[in-house]
1. Looking at 43, 18, 25, which is the one that is within 20 Å of residue 203 (Cα to Cα) and acidic (Asp, Glu)?
2. So the check is Cβ under 7 Å with 6+ separation or different chains; which pairs have a first residue in the stretch 283-297 that's closer than 26 Å to residue 310 by Cβ and aliphatic (A, V, I, L, M) and a second one that's open to solvent by 20 Å² or more (accessible area, probe 1.4 Å) and not in a loop (DSSP other than H, G, I, E, B)?
3. List every residue pair whose Cβ atoms sit under 6 Å apart, with the two residues 6 or more apart in sequence or on different chains, where the first one lies in the stretch 148-167 and is touching a residue at least 40 places away in the same chain (Cβ under 8 Å) and the second, anywhere, is hydrophobic (A, V, I, L, M, F, W, C) and surrounded by fewer than 23 Cβ atoms within 10 Å (Cβ to Cβ).
4. Could you figure out which of (1) touching a strand residue (DSSP E or B) at 6+ places or on another chain (Cβ under 6 Å); (2) surrounded by fewer than 19 Cβ atoms within 10 Å (Cβ to Cβ) isn't true of residue 344?
5. Which one is surrounded by the most Cβ atoms within 10 Å (Cβ to Cβ) among residues in the stretch 87-120 that are in a strand (DSSP E or B) and not polar (S, T, N, Q)?
6. Within the stretch 209-230, is even one residue open to solvent by 10 Å² or more (accessible area, probe 1.4 Å), in a strand (DSSP E or B), farther than 26 Å from residue 108 by Cα and touching a residue at least 40 places away in the same chain (Cβ under 8 Å)?
7. Does the stretch 31-40 contain at least one residue that is within 16 Å of residue 235 (Cβ to Cβ), without any contact (Cβ under 8 Å) to a residue 40 or more places away in the chain and over 15 Å from the mean Cα position of the chain (by Cα)?
8. Report the residue count in the stretch 121-156 for those that are open to solvent by 20 Å² or more (accessible area, probe 1.4 Å) and out of contact with any strand residue (DSSP E or B) (no Cβ under 7 Å at 6 or more places or on another chain).
Amino acid sequence: MKIPLLDLKAQYRTIRAEVRQAIDEVLESQQFILGPTVKRFEEQAVAYLQCGAAIGVASGSDALLLSLMALGIGAGDAVLVPPFTFFSTVSSITCLGATPIFVDIDPESCLLDVKKVEALLAEHCRPHPDGQGLMESKTQRRIKAILPVHLFGQSCSMAPLVAIARRYHLRIVEDVAQAFGARALFSPGVAKAAGTIGDLGCFSFFPTKTLGGIGDGGLVVSDQKDLADRVRMLRVHGENSKYHHQAVGLNSRLDVIQAAVLMVKLRHVDEWCEERIERARRYQKLFSETGLVGEQIIGLPPLSSGKGHVFNYYMIRVEQRDDLRRYLGERGVQTEVYYPLPLHLQPCFAHLGYHKGNFPNAELAAAQVLTLPMYPELTPEQQEFVVREIGDFYRK
């Protein structure tokens, strides 16, 4: 049996007619840069996410970069961020001349550890001389923001992060690249769409995402009009009217064809997320029947109520990860490792002065995580095969 990590062809077969009609309409219009199609998608994203504004941009990486630019983050500033995430979460900080200050992850969820954030701020920071924000004692950089990552489709614990940010006058930029459709607790008993709780939320429409396009694409959302207006200006070279530039921005516009396809997929995204959650439940049941959970299979992702986790990826933590991955590959099961080397150990960030052992939870996760096939069209038979092969590997 050949089981891919993701089967985009299976998804496309279910919406082929809708997608082709949407693309044909764009081709007939011959309008390819911004315009009414992108505006309609932005309006639909606002309605779905229940936020103040949505700005389509060229990629999830640009969404992060533009959001930090909108906050005025640059040289002399610092941003708190987990080391266990995709590269652009941190490169968006360093590209602006700012400094990432890494905070370790929670060992169970692999998400930014809120308690460690609070401990770092309390123990290693002092008020900035102008009374706004904090300075980190080691780098002497002014901390301006926290950048939590809703990793693998699971929403971060946002309520305590918001409280910390308010206490220390910090901004929050949410990285929601892997969690479109997820819900995060804003306050006890109140959930909001992930990405709409901080000052700015950053989404990716890379094809592998819960809401994926047919190429690159991204979105920035905010309830704050001044920030939304600034991102909208920065995505077109800082232009506020034709050939008049208020700032140096980027050329980062969501393609019209991407917007057209995303509007089709947005109609289905809730159903797809529910199907991902159902397949996660099935994995949970199948793994519990193996008797291996807690031993060779160290951890399974949590099954949260509502849409706290929409399973963009289904990530387990295992012993002998690399051997298991080779074994599964030989039997036709495609897997992936997100991420094999935490960012504080990447050669390009060596100048930051971090070393192996600084963030043990992130380093352990990097040695244990394994992503299994996960998509709405995954069949029970395919999941049973995956789990059976994993069980056979450990029993052998």
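The values are calculated or read from the model by the stated rules, or taken from the named source; none is laboratory data. Just so it is clear, the structure is predicted and the values come from calculations on it, not from any experiment. When we count neighbours, we look across all protein chains shown, and the Cβ atoms used for this are built from the backbone with ideal geometry, even at glycine. Areas reflect the complete protein model, heavy atoms only, side chains present, ligands, DNA and RNA absent. Shrake-Rupley method; radii C 1.70, N 1.55, O 1.52, S 1.80 Å.
1. Details: 18 fails: within 20 Å of residue 203 (Cα to Cα); 25 fails: within 20 Å of residue 203 (Cα to Cα).
Exactly one of 43, 18, 25 is within 20 Å of residue 203 (Cα to Cα) and acidic (Asp, Glu), namely 43.
2. Close Cβ pairs (under 7 Å, with a partner that is open to solvent by 20 Å² or more (accessible area, probe 1.4 Å) and not in a loop (DSSP other than H, G, I, E, B)) amount to 286/384; 292/394.
3. Qualifying pairs under 6 Å: 151/111; 156/111; 157/114; 160/114; 161/114.
4. With respect to (1) touching a strand residue (DSSP E or B) at 6+ places or on another chain (Cβ under 6 Å); (2) surrounded by fewer than 19 Cβ atoms within 10 Å (Cβ to Cβ), residue 344 is out only on (2).
5. 112
6. Checking the stretch 209-230: not a single residue is open to solvent by 10 Å² or more (accessible area, probe 1.4 Å), in a strand (DSSP E or B), farther than 26 Å from residue 108 by Cα and touching a residue at least 40 places away in the same chain (Cβ under 8 Å).
7. yes
8. Result for the stretch 121-156: 8.
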